[in-house]
Structures are given as C-alpha cells and as structure tokens.
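The values are calculated or read from the model by the stated rules, or taken from the named source; none is laboratory data. Everything quoted here is computed from the prediction, not taken from an experiment. Every residue, glycine as well, gets a Cβ built from its backbone with ideal geometry; the counts of neighbours run over all protein chains shown. All accessible areas refer to the heavy atoms of the entire protein, side chains included, with ligands and DNA or RNA removed. Shrake-Rupley method; radii C 1.70, N 1.55, O 1.52, S 1.80 Å.
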Amino acid sequence: MGSTRLEKVVFALNGGRYEVAGADVHPGTTLLEFIRTRTPFTGTKLGCGEGGCGACVVLIATYNPTKDEVTEFSASSCLTLLYNINLCSVITTEGLGNTKDGFHSIQKRMSGFHASQCGFCTPGMCMSIFTSLANADKSKKPQPQKGFSKLTVSEAEKAFSGNMCRCTGYRPIVDACKSFASDVDLEDLGLNVFWKKGDKHADVSKLPDYTLGGGVCTFPDFLKSEIKSSLHHLNDDSDVTVSREGWYHPKSIEQYYDLLNSGLFSDCTVKVVVANTSSGVKGYKDQDLYNKYIDIGDIPELSAICKKDGGIEIGAATPISKTTEILEQEAGSKSSPNGSVVFRKLAEHMSKVATPFVRNTASIGGNIILAQKYPFPSDIVTILLGAASTVRLQVYSETLEVTLEEFLEQPPSDPSTLLLSIFIPHWASDSQKESKVIFETYRAAPRPLGNAVSYINSAMLGHVSQKSCGDLVLSNLHMAFGAYGTEHAIRATKVEQHLNGEVLTPSVVLEAVRLLRETIVPMEGTSHAEYRISVAVAFLFSFLSPFAKGIKGPGKTASIGYASSSDTDDPCNLPLSSRRDTVSSDDHKPVGEPIKKYAVELQASGEAVYVDDIPAPKNCLYGEFIYSTQPLAYVKNIKFKPSLASEKVLTVVSAKDIPSGGQNIGSSFMFGDEPLFGSPVAEYAGQALGVVIAETQRYANLAGKQVVVEYDTKDLKPPILTVEQAVQNNSYFEVPPGKYPKQVGDFSKGMAEADHKILSTEVKLASQYYFYMETQTALAIPDEDNTIVVYSSSQYPELAQSVIARCLGIPFSNVRVITRRVGGGFGGKAFRSYTVSSNGSCTLCLQVTPPGADVSQPQY
C-alpha cells in the first residue's frame, strides 16, 4: 500500500490564504477551534458545541475544476474537522462586512429591523441568511427587481431554521431576512428604522443596497489556481493520503481495508469519519482523544447515486441534505412516477432532522451506523425501516446485502464493517389489483420543524385496495417505531400481521392498539414512558382512521384516489407570516419609537468582543469542572482513568488549593454563602468538586470525562430531595429579617369572601434551564502588586469582585472585574457566574507549569 504524505492543509478564510503544517495540528482539531485560537476572527462563536444552536455557522465553498463550479453550503464549524476543509474556502461573518471595509446589507438590515439584543447568536444568523441568498441567486429562477434576491418569502422563513435565538425573538430576524425576498410585501414587515409603520412609500430603495449573489467572493482565484495545478495529484487514487499526526485519507475501498490490515491501528484508538457530526450528538460525544482518524468521505463508491427499476440506491457518505434533494427530484420525476408517494414523504421528514448546517455535512450512512451501534433515537432509520429499505455492506472482501431490520439486529459494527449504500424501493402500486401505495411518517418532538430529538417517531407503509362491497383493505404493511426508549427502531410485526387483509372495523382497530401497546415497551429509566406509548397509539390511529369503517378520525375521508396521494395540509409547512403589531401614538416620544440599538452592526460582524473573544495571554491554561454524581456523600478520592485525555491533565484544583486566608466560597446571596467546591462532603449531585487544568479547552473537557470519584455515605443521613422532605425534616433557609414576607390584609377573610375558591390543588415546578447562548466563562489575568483582573460574563460584577476577593483572601481593591457585554443571561449569570470567575482566580495562585515552559521558572 502506497501513501502520500499530507504535508500541509491549505484553505482560504475570508479571502486570505491559510496554510497549516500537517505536523502542527492534531487531526481532532475542529475548524472552530482553529478560527478562534489561531486567527483574528472571533465572530464565529462556541455555543452548544453540538451543531444545534447555530452560533458557530460558517459558509464553506468547494470548487470542482472539471466543471469550473463553486458549491456553497452552511456548516457547523464546531463539528467540522480542520483536515476536512483542505482546499476549501471558508467565510465567516467578518468576511461579509466589518467596520473597516463597510458592513454588508445583511448586517445593516439585522440592525435596522431590531433583530439583535445580546448579539451572541447574530453572526451565525447572518451566515445562514447569506448562504441561503447565495444559493437562491445561483438558481434558475427569474431575475428579481433591483435590490432583491431570488429568495422567496417561504425560503426566507426557513433560511435560519436551525439557528437559535434566546432573547431577541424570531419575528424581527424573520423580517430582516424577508426584506431580501423577491415576493415580499415590504409594508407587511415589522418595525424598522428605514420607514415608519404605515408609510405608503416603503420601497426597496430605502433599504441598504443588496447585490445579486451576495456581493462577496466565496472562492478566491488563488485557491482555484492551486487546485488546478495539483489536479493530477488529487486524481491519483493509487496512494492513501497520510498526515504526520495520524490523518488517513483512503480513496478506494481496497485502500481502506489495506489500512485496516496494515497493523497501523493495533495499539491505538481510531475514529472513522465522514463529517464528524456524531461528535455533537448528546450522549454519544467523544469521551476521549483518538490517536488516528480515517476519512472515508472521498471513496467514490460511498457517494454514488444509482437509479434502478425498483427504486434508488444512495451511497452511505451522501449528505442528508443531498439525499433529501435527490428524493425530492425523484418524487417529481416522470421517470419514476411510482416513487412519488414514498420519496416525497421521506424528503419531507428528513428536512426536519437536525439543523440545515448539520444536514449539509452529516452523511445518511453515519446516521444509520450511529443508530446501529448505540441506542440513538434516529428519525432517518425509522422512516427508512418503514419504507422497507435494504443496505449493502462490505466486510473485508465480502459484499453483503441485508434488510435494514436485519442490520439493526446485528452486533454493534466495528471499522471492519463498511456501510456502502442504502436502497429505497419506490413501492409501485399494483394496477391489476387496483391497489394504491400509502405512506406516512410521524414524529413527536419539542420542536416539530426540526432541530430536536424525537420523543417517538414512526413510519407506516402499505397498499390499500377496495373490495367489491366498497370496504377498504390494507396489505403489505410495514410499520416502524423508534426513539421511544428502545435500543433501535423496530417493526410492529404483530400489528402488521393482524391488520393485513382485514376490513378496519372498530374491533379490529382496537385489537391493533392493544398489540401495539404490547410492542412499544420503553427501556427502564426512559422518561415519560406512558406518554411515548400513547403517542405511538395516536400515530397508529391517525394512519388507520381514514380507511376504518365506522370511525371518525383526524384524517380525511379516504378513497382509493386519496390513498395514492401524499399531499396533506401539514400545519408545520404553513408560513410563519401572520402577526399583530401594536403601534404607539406620538404622545410619549421617544418612547415607542423604533430607534436603532447601539452597536448591532458590531455584533452582526463579529467585532463585538465577549469574554471568550479576548485573546488568551501567553501560557494561558483552561479548566473544566469535576462534578459530583452523588447527593450528600463524602468525597474520598478523585482519580483518572488511563486514557489519552488523562495524559493532558496538568493539575487538579480543589478546596485544598484555596490560598491561606481565603475561603471556600463560590457564590453569595441573601440566604448565605455557597462553597466553591464540595469538601469534604458533596452536598448535591452536580456540585463542583474540583477543576481539571489543561493546555487547551478541548483537552480539559475530555479529561473531565475521565474522572472517577470515590464516595462514602457512612454516618450521613439520606439526602433531602423534595420540598415535602424538607418540610418533614424542618430544613429551611434562614430568611433575613428585612426580606421576610409581611402579611397584607386578612388572608382568611379574603379567601372566604372570594367568588371562586380553590378547594385543593398541587403545583410542582421542575428546575429552571436558563439556556443562554454564551456559556459561563471567565478569564483571570494576574496584575502587578498582588492584584488580579477578571473578565467575567456576569450580570452582577460588583458581587463577583466580593466573592473573588474573599476566596483569595485579598482586599477587594486588589480585584478588578470587567464585564463588557453578556451573551444572554436571564438571571443565570447573576450568582452562578461567580463560581467560574472564582475558580479561574484561584487557579492563578497555583504553581502550574505549562507545556514547554522552563521548569526552573514556575508560571503563575
């Protein structure tokens, strides 16, 4: 097996050339980590780190020298590996516009339509909108009026469907995006600074200018020239591309198995990737560092699309968004009229999986493999199972073709099993028996339009035919259910067998419901198990009711003609345009006037500086908390599993490291102080026990997952976990006299005279999730004369100063806390931010030797 050394990774970033030596970066380094630590661009933010919030969205452009064609798509830079963008062009929000070169019309309209508050999510919004505009303007749609794009209002409303905003509200963001749409009625847009509400002269000339295509070069000429000059090398499939740091890039299936058989991976951990999006799936994220990576994304067989008589075969490495596009094309193609029902429904459902910027890179095969190896609640696997799909596998020299159901039942796959393709039959109707295809998919999720894992999903397929008496009969049924707390999606075979060939009378449907309840059994520990079962029954009833005899259901009255069509009025597909505006009078000017918020353009262009955007000083170290997993327990020992990530640990900061004269205090409020670290007793699950210190944030985060804490509950009472237990044990906070509630009026008399009385009731509220886009963060820097400067994302910096000073045992005047802006807070960054800033300050008092430092000169 030959190999080609990958000496460098070359790409363009905002039009500039970047070259990274192959030995200078770990293959697990993400594009976001590189941008934020090695470039001056900080507009691309780290939010969830899962591809679910949109704060890290960038535009990635690829170039096909044969067709001389540039393809642009949005992507989550927090999941995209740096090695994956070799010879690509990347645009961040700074590349659209900035203070020096002038702001882009997107950034100006975001400001003018009041589409930003904290501004943390705004750069990602701008990139999603820009990508949608760029792709729409390249389409074959009619030329729009000057100042508009080819984007439609419907497309504009979906342009940033995966981007989350926590404080602005989506209406003004939608209006800013819709202002570019060719079919928009400008007078329908909300309050803005460009014209007054009700102004009869609202026209595009009052908006910031927009150039068709976006006005930004997404792929520079120098990179095109480099690609053309290296075309022979890129097309050479005889060698595997290898980096010094362990990145392998086979270009054929044969090369892939040659790598596996070479012995290179016998004593190390290896990760096979296409787009690395699985690292963002909650519960299945990387738990440790990997020695080596194998990128199979460019193996031609894994991206092949093959149309066959019975359906369509899609390569496993095909992105989900590309798969959706192919299915939509096939659904409307005259060459495959039989596939319209199944293919259209599959495409509609896939468009609700994850976010657009994840679907653009995540492969359909990767989703299936993840669901096969782990109890991952995949929508794609469920709907493909319902469509009776098959998969083609390669196991060394043997090629296998099995049903998706059989593949899911196999033991978890390892790198020796390569998923090649997925075949989806189009399920032709049987004209001789006058039967028609019916296919429906369902999902129940916190956000029905996508970007949320389903509580339960389902897909049901079959033929419906009419008997001579007029009754409708179902046959060839495939009913799949998943995500309800099961190891993988399953077929409800007992329900299928019961319904096949039966006239759907009430008794038949009732028996089907009973059989389904026996089939859908969530695993122990699954949340809201009964709810998931009831939703599964609702899905079944919704599918059957149009064809049932004597049952009035939520569906339409069925006939053979209806059964052959998949067109339904899905409320999820309706536009979001309806609204009600309240326009204030001029009596209280300037109150109610749409005055432009300060510095929104800076937020939109990424130039607004948040704490994590401040350049890290030399030898800066990073921390990750070690959290207790036990409520009320002695902490006997903290140690680490043997792992690659554990080797990156420089030290652990705990209560014993608090400076002499300092206090173990992490927060303070009216009910008293809270400790920074649980010591010697962890008072509750989730309490900080210590902090792992490492060279980078990624190393610290992964090392934190390697911690093993030894507990002891001897001589401790059971923890108090509910309000009822607290009352029973007389466990109350001591309320300060000035804060104690005072009775106003005669409560008993008021209740007795009330028109409406609540005789008895009970209300229970779960814990609150603040859900700010910017995570808790602080940067602590030592200053002269035993002083310290702390940049904290805090809503209460003066109390942060007090807590830090008390923790370190130094005068308040020796602590300077700086808060320039906060990326969302909602109260969650009032008291809870102190723990982070206090810990950072405490770490400065330790003698920690950064990598490469002179050990004879301790760093502080």
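Scanning segment 676-702 for residues that are open to solvent by 10 Å² or more (accessible area, probe 1.4 Å), part of a loop (DSSP other than H, G, I, E, B) and not hydrophobic (A, V, I, L, M, F, W, C) yields Ser679, Pro680, Glu683, Tyr684, Gly686, Glu695, Thr696.
Might you let me know whether segment 318-334 holds any residue that is basic (Lys, Arg), over 24 Å from Glu440 (Cα atoms) and over 22 Å from the mean Cα position of the chain (by Cα)? Checked against the condition, which is being basic (Lys, Arg), over 24 Å from Glu440 (Cα atoms) and over 22 Å from the mean Cα position of the chain (by Cα), segment 318-334 yields no hits at all. Of the residues making up segment 509-535, those that are under 22 Å from Ala548 (Cα atoms), in contact (Cβ under 8 Å) with a residue 24 or more places away in the chain and among the hydrophobic types (A, V, I, L, M, F, W, C) number 6. Of all residue pairs spaced 6 or more apart or on separate chains, those with beta-carbon atoms under 6 Å, a first member in segment 19-30 that is touching a residue at least 60 places away in the same chain (Cβ under 8 Å) and a second member that is open to solvent by 40 Å² or more (accessible area, probe 1.4 Å) and assigned to a strand (DSSP E or B) are Gly22/Lys8.
Of everything in segment 660-675, what is in contact (Cβ under 8 Å) with a residue 40 or more places away in the chain, open to solvent by 40 Å² or more (accessible area, probe 1.4 Å) and more than 16 Å from Gly690 (Cα to Cα)? Give them in sequence order. Within segment 660-675, Ser660, Gly661, Phe669, Met670, Phe671 meet the criteria. Put simply, of Lys739, Lys717, Lys705, Lys757 the only residue that is basic (Lys, Arg), open to solvent by 50 Å² or more (accessible area, probe 1.4 Å) and closer than 30 Å to Ile810 by Cβ is Lys739. Helices (runs of 4 or more DSSP H) fully within segment 134-235 that include at least 2 residues being among the hydroxyl-bearing types (Ser, Thr, Tyr) and under 30 Å from Gly15 (Cα atoms): 221-229. Across segment 706-730, the number of residues qualifying as within 30 Å of Asp288 (Cα to Cα) and either of a type outside the set (S, T, N, Q) or in a helix (DSSP H, G or I) (or both) comes to 6. Taken over segment 133-152, residues that are surrounded by fewer than 24 Cβ atoms within 10 Å (Cβ to Cβ), under 25 Å from the mean Cα position of the chain (by Cα) and closer than 21 Å to Phe194 by Cβ amount to 0. Residues considered: Thr62, Thr66, Thr80, Thr71. Of these, the only one that is modelled with pLDDT under 95 and in the same structural domain as Ala275 (by the TED database) is Thr66. For the residues Arg392, Arg344, the requirement of being of a type in the set (Lys, Arg) and not in a helix (DSSP H, G or I) singles out Arg392. Only one of the listed residues (Gly124, Gly162, Gly112) is in contact with a Pro (Cβ under 8 Å, 6 or more places away or on another chain), closer than 23 Å to Thr775 by Cβ and open to solvent by less than 30 Å² (accessible area, probe 1.4 Å). That residue is Gly162. Listed residues Ala604, Ala655; which is outside the structural domain of Gly823 (by the TED database) and either in contact with a His (Cβ under 7 Å, 6 or more places away or on another chain) or buried (at least 17 other Cβ atoms within 10 Å of the Cβ) (or both)? Answer to the selection: Ala604.
Scoring Ile380 on the criteria (1) farther than 27 Å from Ile85 by Cα; (2) part of a helix (DSSP H, G or I); (3) hydrophobic (A, V, I, L, M, F, W, C) leaves a single failure, condition (1).
For segment 760-778, filtered to residues that are open to solvent by less than 100 Å² (accessible area, probe 1.4 Å) and of a type in the set (Val, Ile, Thr), the residue that is farthest from Val790 (Cα to Cα) is Thr775. The strands (runs of 3 or more DSSP E) falling completely within segment 52-103 that include 1 or more residues that are in contact with a strand residue (DSSP E or B) (Cβ under 8 Å, 6 or more places away or on another chain), without any contact (Cβ under 8 Å) to a residue 12 or more places away in the chain and under 20 Å from Cys217 (Cβ atoms) map to 57-64, 69-76. List the strands (runs of 3 or more DSSP E) that sit entirely inside segment 435-528 and contain at least 3 residues that are more than 37 Å from the chain's Cα centre (by Cα). Ranges flagged: 456-466, 472-482.
Selection of segment 819-851 for residues being in contact with a helix residue (DSSP H, G or I) (Cβ under 7 Å, 6 or more places away or on another chain) and either hydrophobic (A, V, I, L, M, F, W, C) or modelled with pLDDT of 80 or more (or both) yields Thr819, Ser833, Tyr834, Ser837, Ser838, Cys842, Cys845, Leu846.
As a summary of the residue check, Lys251 satisfies the conditions (1) among the basic types (Lys, Arg); (2) within 24 Å of Ile422 (Cβ to Cβ); (3) surrounded by fewer than 18 Cβ atoms within 10 Å (Cβ to Cβ) except for the one numbered (3). Scan segment 404-425 and tell me whether some residue there is open to solvent by 20 Å² or more (accessible area, probe 1.4 Å) and among the aliphatic types (A, V, I, L, M). So far as segment 404-425 goes, no, none of its residues is open to solvent by 20 Å² or more (accessible area, probe 1.4 Å) and among the aliphatic types (A, V, I, L, M). Please determine whether any residue of segment 645-652 is under 17 Å from Val803 (Cβ atoms), of a type outside the set (Ser, Thr, Tyr), crowded, with 17+ Cβ neighbours inside 10 Å and touching a residue at least 40 places away in the same chain (Cβ under 8 Å). Scanning segment 645-652 turns up no residue that is under 17 Å from Val803 (Cβ atoms), of a type outside the set (Ser, Thr, Tyr), crowded, with 17+ Cβ neighbours inside 10 Å and touching a residue at least 40 places away in the same chain (Cβ under 8 Å).
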